[in-house]
Amino acid sequence: MEERVVEFVNALRGRGVSVSTAESIDALGAIAVVGLEDPEAFKAALKTATVKRRRDVHVFEELFPLYFYGLESAGGTDSLEDGLQARLEEAMRAFGRGRELNPMLQLVLTGRGGEWESFIRMAAGEVGTAQLATRMQVGMYTRRIFDAFDWEELERQLDELLERLRDEGWAEEELLRLEEAFRANRDALRKQVRRYVEREQARNAERVPGAERMERLMGRPLSGLDEYELQQMRKAVDILARKLRNRINLREKRMKRGKVDIKATLRRNMQHGGVPFELRLKRKRMEKAELMVLCDISSSVARVSQFMLQFVYTIQDCLAKVRSFVFVDDLGEVTEFFRDEDIPKGVRRALSEAGIAYNARSDFGEVFRLFCERYLQDVGYRTYILVIGDARNNYNDPGLRHLERIRDRAKGIIWLNPETRPFWDTGDSVMGEYLPYCREARVCRTLKDLEDAIGSLLL
């Protein structure tokens, strides 16, 4: 347990929580006093010794179950009735005399899930989980660890036990009850193995250096993320957006400071024989762009739209104005959701409260018509129109005349499509018809694509 606590403290430090050597020693002393009998007391003692700032509490809560998995109850087990369990334990002692009995047989029969973890850990040690790096490997490692329990041998010993109990006069109802408990607890054990593997994978991921973890996330398709990866990706989007904002602010400072104007400097210093005693600077006035974002929120495109909204509003102070809209076959403005809300809450509201039919079929032509009717007068010479969508129009009118009106009024239309180029113009896709009206069209499937698209627009 001491080794696990040290690993946990190192993980806290890796996530920015300040834990001194003295506090680590205090943590070891505290858990030695409270022990493991009361999981809540154990957790409270460890938190008291390691967490000093309120902002670090969520990091502690996130990491604790990854390192102290065995303190949670197994759940979902089928426990035998007290009388039947006592008789079974006595019968198992007699059955085990003079033979090598698999210790898991009794634990599975009686449903004592709290004792399974030590056996799961031993099986995982045989399989090896050091290479368990991605969520895609969870199923494979779950199967390997589960199969390491030698279920053929367990089934054979169960059949022998049931036959012996039948000879001793046990009722058939009791034998059926034992078989039922064995099957149910075998399924519960498989689930517990999977939970263990998921936590080991998350723990291994925490050990990966931050830069490497970020690089992996940036290359993952947004439409294929599971819940854990979504949580990590939201943090990554925020980090990348802030880095981009810092780059933009640095460029603005340099432009305000100006660059040396070589010709003007030489002219000014002719009286000094061309020696540049007095510098002349060339300053370029930088106008911030206005951005109107149109996000398709149908099917898998909604995932890209979700992260785009988060990205854009994190860097909104680098833009003159930001207005955002979501659409399927109708168009709804969601700008107000981000005025007084934090960004994550604004994104959630945009994906659920825009006053449009979210389960409808996409109609880009109708959306462009509505945009021209309601908002075209607000588009100016500094306004970029950023469209996120797969251009799958369900064989409706593509609305090219409306898109042309938008192009003629805006500074440019930037289209981000989450489908790869070989799928453009297949089936009901009309991407090829929209391309002539776009200043730029990009594939946008990953966080890296998203960063590149926004970066090229603003830098």
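Out of GLU198, GLU212, GLU163, GLU229, one residue alone is modelled with pLDDT of 85 or more, part of a helix (DSSP H, G or I) and not assigned by TED's automatic domain parsing to the domain that holds ASP452. It is GLU163. Condition test on PRO418, is it more than 23 Å from ARG245 (Cα to Cα), surrounded by fewer than 20 Cβ atoms within 10 Å (Cβ to Cβ) and at pLDDT below 95? Judged against the criteria, PRO418 is not a match. Close Cβ contacts (under 7 Å, 6 or more residues apart or on different chains) running from residues in the range 129-155 that are assigned by TED's automatic domain parsing to the domain that holds TYR196 and outside any helix (DSSP H, G or I) to residues that are loosely packed, with under 13 Cβ neighbours inside 10 Å and modelled with pLDDT under 90 comprise ALA148/GLU126.
Scanning the range 328-351 for residues that are in contact with a Ser or Thr (Cβ under 9 Å, 6 or more places away or on another chain), modelled with pLDDT under 85 and not hydrophobic (A, V, I, L, M, F, W, C) yields no hits at all.
Scanning the range 306-315 finds one or more residues that are over 20 Å from the mean Cα position of the chain (by Cα) and of a type outside the set (Asp, Glu). State all residues of the range 417-443 that are touching a helix residue (DSSP H, G or I) at 6+ places or on another chain (Cβ under 8 Å) and without any contact (Cβ under 8 Å) to a residue 24 or more places away in the chain; if no residue qualifies, say none. If the condition is that a residue be touching a helix residue (DSSP H, G or I) at 6+ places or on another chain (Cβ under 8 Å) and without any contact (Cβ under 8 Å) to a residue 24 or more places away in the chain, then ASP425 is the only one that fits. Any residue in the range 329-339 that is without any contact (Cβ under 8 Å) to a residue 12 or more places away in the chain and surrounded by fewer than 18 Cβ atoms within 10 Å (Cβ to Cβ)? Looking for residues that are without any contact (Cβ under 8 Å) to a residue 12 or more places away in the chain and surrounded by fewer than 18 Cβ atoms within 10 Å (Cβ to Cβ), one finds at least one in the range 329-339, hence yes.
Looking across the range 85-106 at every residue that is exposed (fewer than 13 other Cβ atoms within 10 Å of the Cβ) and not small (Gly, Ala, Ser), the one that is farthest from the chain's Cα centre (by Cα) is identified as ARG97. Does LEU46 satisfy the condition of being more than 17 Å from ARG199 (Cα to Cα) and either polar (S, T, N, Q) or over 30 Å from the mean Cα position of the chain (by Cα) (or both)? No, not satisfied. I'd like the full set of residues that are among the small types (Gly, Ala, Ser) and touching an Asp or Glu at 6+ places or on another chain (Cβ under 7 Å), limited to the range 94-123. The one that is among the small types (Gly, Ala, Ser) and touching an Asp or Glu at 6+ places or on another chain (Cβ under 7 Å): GLY111.
The values are calculated or read from the model by the stated rules, or taken from the named source; none is laboratory data. Since the model is a prediction, treat every value here as computed from it, not as a measurement. Virtual Cβ from ideal backbone geometry, glycine too; neighbours counted across all protein chains shown.
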